[in-house]
Amino acid sequence: MSDTINRRLGPLFWIAVGWLVLISLLALLAPWLPIKDPDAYYLVRGERPPYAPSATHWFGTDQDARDMFARTIFGARVSLVIGFVAIAFGMLVGGTTGVVAGYLRGRTDRIVSFVFIVFLSFPSLVLAILITALLDRGLVTIALTLGVLAVAPVGRLARATTLSFAEREFVTAARAIGAGDRRIIIRELLPNVVIPMGALALLGMAVAIVAEGGLAFLGLSVEKGPTWGKLILIGAGSRELEKSPWIAFGPIIILFITVLSLNYAGDRVRSYFDVREIGL
Amino acid sequence: MQRLAASVMLILAVSMLTFGAMNLLGDPLFNILGPAAADTKPESLAKVAAAKELYYLDRPLPERYVRWLGDMVTGDFGVQFGSTGQPPVSELVKERFPRSLTLLVMAQLLAAMIAIPWALISAARANKPADRISTVNSFLLIAMPNFALAVILKYVFGIKLGWFPLTFKATDPWLTRVYQTFLPALTIALPAAAVYQRLLRTDLITTLQEDFILMARSKGVGRQRVLFKHALRPSLFSFITVFGINTGTLIGGSLIVENIFRIPGLGSAIVEAILREDFPVVLAIVMIITTAFVLVNVLVDAVYTLIDPRVRR
């Protein structure tokens with residue numbers, strides 16, 4: 001965000017991290033927390049749902065009188081898992097191939113780079129549409145689809161970072177004392193590549209969470225249970241927005257704060273360690 | 001030239017993958033005939049045979065692929081599965097593609113119209129309070145998911161203020177439809193404008209430190225004139241590149257935004273087609289989007305070499 005290197009993470013960074021920890025804990029512990037049942041119908045005699053936000057229903061209820069706050073928290077479980085699994089997969093596959101390609105160079109590098117380019121020149125949303133339309137819409141499928149999409153951007157960064165370190169003196173020194181390829185990659189290169197990757201992981205998780213929302217609006221998100229995207233979709237119709245805007249706006253606020261925190265934290269980590277700008 | 005060849009290869013590879021996957025993982029016969037496809041009654045069997053003959057489903061997959069590709073290149077996207085008697089895919093594409101294109105062009109125009117003055121103002125007041133506020137704003141806009149922004153704009157301008165209609169009527173005159181496209185275009189334009197503004201602002205600040213700017217200022221050229229006449233043009237290179245590349249990315253976003261604002265473009269067409277498992281339509285739209293995406297990137301490269309002679313080797 002800033003143009004100069006800032007050697008302080010700043011209080012806002014810790015607020016962002018605090019929010020991320022809070023929402024993760026809420027999602028993780030949701031079944032044991034004293035919140036309402038996300039699938040129960042809290043109908044009130046003589047009044048037609050949806051009910052506006054109140055002391056009993058913090059975010060109001062949807063048309064079926066289900067508690068929106070509970071649904072948003074339970075939606076976080078799915079959305080966060082998708083974000084986490086997707087970027088973990090991207091890191092594992094993209095990071096490994098990127099580092100190996102950057103270290104070995106030659107033919108391996110050419111093949112890997114070509115595959116990355118092919119993936120990057122494909123509109124990613126279309127690929128996601130294809131895979132989810134053809135396979136099932138389970139949690140694992142969606143998370144891994146987004147993970148596959150993360151491979152190329154992550155791999156490209158890992159490769160570029162590895163290339164910049166592979167010629168440095170400490171690598172030559174390690175080779176001079178007889179270290180093998182495997183040892184050099186794991187002990188010398190990996191620690192240097194991990195930091196920029198960490199910043200990218202935070203940004204990538206935000207991208208994956210938003211992508212789930214986008215898929216939901218195309219009717220292609222996880223079929224079972226609430227997700228943030230699906231909750232917003234339900235409240236986004238013209239009639240729903242006019243009569244009961246809280247249905248969409250509760251999840252939107254939570255989603256936005258989470259994505260903003262991920263972006264901000266990633267951005268701070270990146271400029272803290274002075275990582276060069278790499279587009280995602 | 002090499003890039004163009006690579007692009008053609010890429011489009012071909014994508015078409016093969018999509019075609020193969022669509023045909024292997026689903027049963028197109030079932031979509032044409034419904035439950036009758038699995039029947040063993042003689043009249044159903046006759047129907048199945050007729051449909052196979054009509055849609056070339058009895059031929060091997062590679063032959064069908066070549067036929068389909070040949071048709072595609074000549075602008076015939078095949079017949080639509082689902083219910084018989086519907087218009088062929090080409091008609092559907094012809095009807096819906098211009099709407100998506102209008103949306104995208106409008107969005108990019110709006111984005112440029114917002115980004116350039118915004119960048120000029122922030123660059124002129126670099127690191128002063130006004131610039132700080134604009135930096136925070138663009139950070140917020142970039143983090144905002146497009147569907148969330150769509151819902152917010154729809155709520156504020158469409159429902160609360162009632163400035164824009166929320167229905168899209170194909171029968172309305174051209175100008176009305178453009179007016180109806182404004183809100184979805186703005187949804188796509190705002191985050192894009194924020195990205196462009198960040199980039200252009202940085203480049204402008206760099207340019208403003210060049211000697212020829214100092215020269216112009218010392219000759220007595222006013223601040224505004226220096227900004228517009230001297231600094232803007234040399235700062236536009238990376239803006240133009242990203243503007244082009246981003247067009248491809250925005251195609252994806254516009255599919256989602258179309259669905260929220262109920263614009264019957266390609267975005268809603270692909271959703272309907274997926275729900276019906278209507279392969280020719282899904283295939284056609286995927287191919288159109290991919291081709292557009294790849295072509296835009298090739299075009300950006302070409303334009304880039306045109307405006308910046310340094311890139312030429």
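Annotations
- Any hit, region B:254-263, residues being buried (at least 24 other Cβ atoms within 10 Å of the Cβ) and over 19 Å from B:VAL151 (Cβ atoms): no
- Odd one out for B:VAL221, checked against (1) open to solvent by 40 Å² or more (accessible area, probe 1.4 Å); (2) outside any helix (DSSP H, G or I): (1)
- Hits in region B:154-210 (condition: surrounded by fewer than 14 Cβ atoms within 10 Å (Cβ to Cβ) and among the basic types (Lys, Arg)): B:LYS160, B:LYS169
- If you go through region A:119-162 and keep only what is among the β-branched types (Val, Ile, Thr), open to solvent by 20 Å² or more (accessible area, probe 1.4 Å) and within 14 Å of chain B (Cβ to nearest Cβ), you end up with A:ILE131, A:THR141, A:VAL148.
- Residue match in region A:247-261 (condition: more than 22 Å from A:ILE15 (Cα to Cα), within 11 Å of chain B (Cβ to nearest Cβ) and surrounded by 23 or more Cβ atoms within 10 Å (Cβ to Cβ)): yes
- Any hit, region A:268-280, residues being crowded, with 23+ Cβ neighbours inside 10 Å, closer than 27 Å to B:VAL156 by Cα and touching a Leu at 6+ places or on another chain (Cβ under 8 Å): no
- Any hit, region A:63-78, residues being assigned to a loop (DSSP other than H, G, I, E, B) and in contact with a strand residue (DSSP E or B) (Cβ under 8 Å, 6 or more places away or on another chain): no
- Filtered residue count, region B:180-226, keeping only those that are aliphatic (A, V, I, L, M) and more than 30 Å from B:LEU149 (Cβ to Cβ): 7
- Just one residue in the set A:LEU33, A:LEU28, A:LEU43 is open to solvent by 80 Å² or more (accessible area, probe 1.4 Å) and either farther than 18 Å from A:LYS243 by Cα or under 27 Å from the mean Cα position of the chain (by Cα) (or both); that residue is A:LEU28.
- Of all residues making up region B:232-266, the number that are more than 12 Å from chain A (Cβ to nearest Cβ), out of contact with any Phe, Trp or Tyr (no Cβ under 7 Å at 6 or more places or on another chain) and farther than 18 Å from B:LEU299 by Cβ: 5
- Taken together, B:ALA269, B:ALA284, B:ALA292, B:ALA216 contain a single residue that is touching a Pro at 6+ places or on another chain (Cβ under 9 Å) and either surrounded by fewer than 17 Cβ atoms within 10 Å (Cβ to Cβ) or of a type in the set (Gly, Ala, Ser) (or both), which is B:ALA292.
- Those residues of region A:201-242 which are crowded, with 24+ Cβ neighbours inside 10 Å, within 10 Å of chain B (Cβ to nearest Cβ) and among the polar types (S, T, N, Q), in sequence order: none
- Here A:PHE170 meets each of (1) within 14 Å of chain B (Cβ to nearest Cβ); (2) more than 30 Å from A:ARG77 (Cα to Cα); (3) of a type in the set (A, V, I, L, M, F, W, C) with one exception, condition (1).
The values are calculated or read from the model by the stated rules, or taken from the named source; none is laboratory data. Note that this is a predicted model, so its numbers are computed, not measured. We place every Cβ from the backbone using ideal geometry, glycine too, and count neighbours over all the protein chains shown. Accessible surface areas use protein heavy atoms only, side chains included; no ligands, DNA or RNA. Shrake-Rupley method; radii C 1.70, N 1.55, O 1.52, S 1.80 Å.
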